[in-house]
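Written below as structure tokens is the structure these notes are about.
What follows draws every value from the coordinates through simple rules; no lab data is involved. Because the structure is a prediction, the values reported are computed rather than measured. When we count neighbours, we look across all protein chains shown, and the Cβ atoms used for this are built from the backbone with ideal geometry, even at glycine.
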Amino acid sequence: MTTITTTTNPLRSVMGWTAAIAAVWIVAAALRPETTLHLGPILLPLIPAFLLRGQDKAYAGVLGGAALAAGVLVILLLSGNLNGPALEPFTSVIAESALLLVGSTAAGLGIVWLADR
């Protein structure tokens, strides 16, 4: 009998889970367009940072999560599902989301960098 072994690709797996969270974010925003889902742009870059920490593809995962979050923000903006209130001190949900995304991407890259040390 022959044993079949398969290699797993941790980056693909983590990005699949990250994409699933992005899909939940889109569905939740479509169901409640008057609510701003502030955690979306924070979570997508940080999920790969924590799950891939210490692995060689961790930086790619964080940047992939950030790109996925940016894409979701564009989809929500164009579909009119990003109409909720912004957190203080922001007056624009777009500015808030962009800054949260940049900050969480930087934090994710920092987490990966610290794990490499």
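Summarising the label geometry, the points placed 7 Å from Cα in the beta-carbon direction at residue 35 and residue 56 lie 4.3 nm from one another.
Here the spin labels are modelled as points 7 Å beyond Cα on the Cα-Cβ line, and at residue 74 and residue 9 they lie 2.2 nm apart.
Say R0 is 41 Å: what FRET efficiency, to the nearest 0.05, do residue 83 and residue 113 get from their beta-carbon distance? Efficiency, rounded to the nearest 0.05: 0.70. Set against the labelled values (i) 1.05; (ii) 1.21; (iii) 3.32, Cα Rg over 2.2 N^0.38 Å computed from this structure falls on (ii). Multiplying the residue separation of residue 92 and residue 24 by 0.36 nm and removing their Cα-Cα distance gives an extension gain of 22.2 nm. With contributions of -39500 (n - 2.57) from each DSSP H run of at least four residues, the per-residue ellipticity at 222 nm computed over the chain stands at -23500 deg cm²/dmol. Per-peptide packing, taken as the mean over residues of other Cβ atoms within 10 Å, places 26-34, 59-67 in the sequence 59-67, 26-34 from highest down. Using the average count of surrounding beta-carbon atoms within 10 Å as a protection proxy, the listed peptides 105-111, 48-54 rank, highest first, as 48-54, 105-111.
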